[in-house]
Amino acid sequence: MIQITGLSFKFAGTSTPALNDINLTIKNGDFVIITGPSGSGKSTLCLCMGGFIPHGYDGDFTGKVMINNKDTKEHDVFEVAREIGIVQQDPESQLCTLNVMDEVAFGPENFLLPEEEIAERINWALKVVGATHLRDREASTLSGGEKQRLAIASILALKPKIIILDEPTSQLDPKATAQIFSIIKNLQCQTNITIIVVEHKLYQILPLSSRVMVMDKGKIIIDSPSSELITYQGKLKELGVRLPFQRRKEKTSALNVYDDVETTLEVKNLFVRYPEGNTVLENVTFNVKKGEIVGLMGDNGSGKTTLLSSILGLNKPFSGCIILNGRDATKMSFKERSRQVGFIFQNPNHQIFEESVLKETMFAPVNFGENEKQSEEKALMLLSAFNLMPYKDRHPFGLSYGEKRRLNLASIFIYEPNLLLMDEPFVGQDFKNVQQLMSWTKGFVRQGKSAIMVIHDPEVAGMYCNRLIFLRKGKIIVDEPTERAFLKLAELGEKEYTPQIWSGKHDFLHDLQ
């Protein structure tokens with residue numbers, strides 16, 4: 001059981017508490033969802049329950065956190081870890097070893113379990129998350145979604161009595177998301193494990209849970225049985241929390257795109273292979289018009305990130321060509337290519353270079369030789385728009401995962417490239433921030449620019465994308481305007497990628513017909 005009394009915490013160097021007088025009890029066998037706006041204190045609360053706060057973070061800690069009768073302040077993290085396991089929001093940040101087998105074995109080995117039991121736990125945990133095919137892989141070669149499966153497996157191998165999953169499916173495709181949640185629920189039924197999930201996307205997990213807590217500004221403002229959450233619909237909408245049975249009527253208002261509109265990007269007969277010879281992209285051909293927002297969908301490992309990084313020039317094609325604004329991109333210098341193409345990486349930590357949020361926002365234009373004073377004015381405007389102004393002097397790594405993502409976007413928007421590539425840009429974002437970020441993206445393409453975004457959320461894709469491209473094992477199997485793409489995906493058996501999974505009483509596919 002988890003018993004929290006009078007918990008408050010303020011990170012060192014900040015003036016506002018991340019948590020403010022939290023009181024709650026979570027009973028054995030509960031399945032609890034914690035949701036709320038980005039930066040509301042959800043991940044900080046998880047770190048307190050896991051004992052990482054106060055032992056691993058500097059700050060002012062008051063109150064008491066009891067995990068199965070162990071006071072986290074009086075027991076170190078190693079002791080608390082025998083009771084509770086945490087899958088962190090950024091899976092890469094918790095990987096400790098070089099390969100999959102060693103990573104899953106790491107925890108049980110530190111608990112000095114017998115070798116045979118460790119082997120059994122490795123096999124069991126990898127099987128539970130559907131990752132047995134990854135057992136011989138190096139961790140550095142895994143996709144974001146594969147790393148997320150590995151992080152979950154490494155915690156399951158500890159067989160804790162309580163498991164906390166901080167946005168555990170943020171980088172997983174819809175099929176894998178449904179699979180992971182189903183596995184977690186079945187595991188709970190078999191073992192009576194207590195499950196706590198931090199999640200923005202409620203449409204797949206809400207029916208599995210027993211209780212929902214909503215946080216805002218460091219406080220728990222709603223604590224409700226899952227079945228009664230709809231009674232708080234008005235408050236949830238105000239906070240930017242999406243209920244799965246809400247229909248969104250907004251449609252994309254990007255420019256209408258016609259055949260005679262100029263082309264920003266042409267990809268022709270593109271083949272990309274890994275150094276060991278495996279083909280990642282096979283005969284990929286498509287173009288992107290000025291004024292288009294194109295959604296790129298597909299299962300984890302289907303080649304989406306490789307395609308984006310190939311367009312930027314981080315991967316060298318085996319064959320084929322990439323044309324940017326009528327020029328062969330392979331003949332451009334990397335600096336020139338980067339000036340034309342803005343890239344939002346899957347992991348926000350991978351593109352943070354400066355020591356303050358303001359300097360990070362100005363990093364690209366300063367390096368491109370633009371006027372520093374004008375760049376600062378523009379940066380301050382963007383930080384205000386992205387709700388980051390209070391943190392302008394803070395080190396970027398002190399931001400939450402979602403705040404880092406908004407910072408990444410601000411640091412690209414500031415220099416206005418012709419083509420924007422976004423690899424899962426909405427990880428860690430509440431719906432208000434999604435709407436705000438896409439408002440800026442729509443403004444970007446209205447200037448005659450273009451955007452491609454890897455996206456797993458069919459609702460957001462339906463609202464904002466002119467077209468969808470769907471990859472399966474490195475090949476394009478669908479390239480259609482968004483509504484027709486949903487119909488075709490349903491016909492091809494990819495229903496998890498269509499809005500019908502969350503459309504409640506409405507049949508989205510019937511509406512389209």
* Put H133, H456, H75 in order of accessible area, largest first, 1.4 Å probe: what do you get? -> H133, H75, H456
* To the nearest 20 debye, what is the magnitude of the charge dipole of the range 412-482 about its Cα centre, counting +1 on the Cβ of each Lys and Arg and -1 on the Cβ of each Asp and Glu? -> 200 debye
* To do: From largest accessible area down, sort T5, T16; use a 1.4 Å probe on the protein chains.
  => T16, T5
* Asked: What does the accessible area per residue of the chain come to in Å², with a 1.4 Å probe and no ligands, DNA or RNA counted?
  -> 42 Å²
* Structure fact -> Note on the range 263-512: the mean projected area of its alpha-carbon convex hull, in nm², is 13.9 nm²
* To do: May I ask for the percentage of alpha-carbon pairs in the chain that lie more than 28 Å from each other?
  => 55 percent
* Rank these residues by their accessible area, most exposed first, probe 1.4 Å: D60, D328. => D60, D328
* Over the range 160-212, what relative contact order in percent results from Cα pairs under 8 Å that are six or more residues apart? -> 51 percent
* Asked: List the lysines whose alpha-carbon lies under 17 Å from that of K219, not counting same-chain residues fewer than 8 positions away?
  -> K10, K42, K64, K235
* Asked: Residue by residue through the range 323-335, which ³J(HN,Hα) values in whole Hz follow from phi under the Karplus form 6.51 cos²θ - 1.76 cosθ + 1.60 (θ = phi - 60°), with glycine and proline marked x?
  -> 10, 10, 6, x, 10, 5, 5, 5, 9, 7, 5, 5, 5
* Would you calculate a helix-derived [θ] at 222 nm for the chain, using -39,500 (n - 2.57) for each DSSP H run of n ≥ 4 and dividing by the full residue count, to the nearest 500? => -10000 deg cm²/dmol
* To do: Using the structure shown, list the pairs from K185/K495; K304/K495; K289/K475; K335/K475; K73/K392 with a Cα-Cα distance above 25 Å, or answer none.
  => K335/K475; K73/K392
* Structure fact -> Interchain or sequence-distant (5+) residues whose placed amide H lies within less than 5 Å of the amide H of E292 are A451
* **Accessible-area value, D58, 1.4 Å probe, nucleic acids and ligands omitted, Å²** => 120 Å²
* Asked: Out of residues 5 or more away from K73 or on other chains, whose amide H comes under 5 Å of its own, with H placed 1.01 Å from N in the peptide plane?
  -> V65
* May I have the extent of the alpha carbons of the range 2-239 along their three principal axes, as whole Å values ordered from largest to smallest? => 47, 38, 32
* **the range 275-282 - phi-based ³J(HN,Hα) in whole Hz, Karplus 6.51/-1.76/1.60, Gly and Pro as x** => x, 6, x, 5, 7, 9, 10, 10
* Compute the Cα gyration tensor for the range 378-424, then decide on rounded, prolate or oblate, letting a ≥ b ≥ c be the square roots of its eigenvalues: rounded whenever a/c is under 1.5, prolate when a/b is larger than b/c in the other cases, and oblate in all that remain. => oblate
* Structure fact -> Probe 1.4 Å, all chains present, heavy atoms only: D457 accessible area in Å², nearest 10, is 20 Å²
* Asked: For the chain, which whole-number percentage of the solvent-accessible area (1.4 Å probe, protein heavy atoms only) is attributable to carbon and sulfur atoms?
  -> 48 percent
* To do: Would you mind finding the longest exposed-site-free stretch of the chain, with exposed trypsin sites (Lys or Arg not before Pro) meaning DSSP loop and at most 11 other Cβ atoms within 10 Å?
  => 252-504
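The values are calculated or read from the model by the stated rules, or taken from the named source; none is laboratory data. Remember, it's a predicted structure, so these values are computed and weren't measured experimentally. Every residue, glycine among them, receives a Cβ derived from its backbone with ideal geometry; neighbour counts consider all protein chains shown. Only protein heavy atoms, including side chains, enter the accessible area calculation; ligands, DNA and RNA are left aside. Shrake-Rupley method; radii C 1.70, N 1.55, O 1.52, S 1.80 Å.
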